[in-house]
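Shown next, in structure tokens, is the structure this report addresses.
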Amino acid sequence: SRYLILIAVMLVLINWISSTGDFIHRAFVKEHFEAVAAGSAGSVESKTLITSYYANFFFWMIIVQLAIQLFAVGRLFRTLGVANTLLIPAALSLVGYGLVGFVPILTTIRLVRMGEQSVEYSLTNTLRQALFLPTTPIQTYEGKTTIETFFWRFGDLIQAIGIFVGLHLLGWEMHEFAVLNLVLSLAWIALAARM
């Protein structure tokens with residue numbers, strides 16, 4: 001089914017973008033708090049600062065996820081429909097990584113990752129399930145299982161290869177990975193529009 005192939009490719013892109021975004025975020029956090037720890041007069045360890053940062057980050061991300069799930073997902077589906085709502089997470093990634101690519105600071109990547117992960121958990125996961133509603137029972141059970149296992153993990157594999165090639169062969173910095181995510185987001189928008 002061409003439709004199932006589009007879903008599979010889209011999930012590979014979603015996972016690739018998200019995993020690369022995680023990599024970029026972790027690199028920014030580590031670099032920032034190692035510099036803060038090195039510049040502090042006291043005996044503050046970067047590990048303590050990073051732990052505190054992530055505790056705060058995940059707290060607010062969960063609040064945003066809950067708000068999106070409770071107040072936005074149903075309304076978006078009713079007003080825009082599944083097809084048009086499918087464009088929203090891709091557009092947010094496009095804008096977010098455009099910002100990170102050209103304003104590479106921790107605050108920017110923090111806001112982008114918080115928004116991206118919140119939308120991914122609440123809206124994108126709901127959309128992933130809704131995409132299988134128009135399929136036949138066989139397509140749903142066989143296709144969905146294949147797509148959500150093999151193709152989802154294939155996105156992880158491509159991301160790992162992309163990071164290795166970018167770091168070790170191309171000598172990329174974090175903003176170049178953000179530009180890669182920007183390009184992948186454009187492909188995601190094209191797929192979502194085609195679906």
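Sequence-distant contacts, meaning Cα pairs under 8 Å at least 6 residues apart, place the relative contact order of region 1-118 at 36 percent.
Between E45 and F71, residue separation times 0.36 nm minus the direct Cα-Cα distance comes to 5.4 nm. Only helices enter this figure: runs of n ≥ 4 DSSP H residues, each worth -39500 (n - 2.57), summed and divided by the residues of the chain, yield -25500 deg cm²/dmol at 222 nm to the nearest 500. With semi-axes defined as the square roots of five times the eigenvalues of the C-alpha gyration tensor, the equivalent ellipsoid of region 38-117 measures 33, 17, 6 Å, largest first. Anisotropy class assigned to the chain is prolate, per the alpha carbon gyration tensor with a/c at or over the 1.5 cut-off and a/b larger than b/c. Note on R26 and Y141: the model spin-label points, each 7 Å out from Cα along the C-beta direction, lie 3.8 nm apart. For trypsin sites (Lys or Arg not before Pro), no site in region 142-195 is both called loop by DSSP and has at most 15 other Cβ atoms within 10 Å. For the chain, the dipole from Cβ point charges (+1 on Lys and Arg, -1 on Asp and Glu) about the Cα centre works out to 540 debye, to the nearest 20.
Does region 6-69 come out rounded, prolate or oblate, given a ≥ b ≥ c as the square roots of the eigenvalues of its C-alpha gyration tensor, rounded meaning a/c under 1.5 and, failing that, prolate meaning a/b above b/c? Cα axes put region 6-69 in the oblate bin. Available extension along the chain between A35 and R194 is 52.7 nm, counting 0.36 nm per residue and deducting the alpha carbon span. Where in region 122-139 is the amide nitrogen less than 18 Å from a point lying 7 Å along the Cα-to-Cβ axis of L80? Residues 122-132 fall inside that zone. In this simple spin-label approximation, E176 and L87 carry label points 7 Å from Cα along the Cα→Cβ vector, and these lie 3.3 nm apart.
All of the numbers you see were taken from the coordinates with simple rules; none came from a lab. Not measured: the values here are computed from a predicted model. Every residue, glycine as well, gets a Cβ built from its backbone with ideal geometry; the counts of neighbours run over all protein chains shown.
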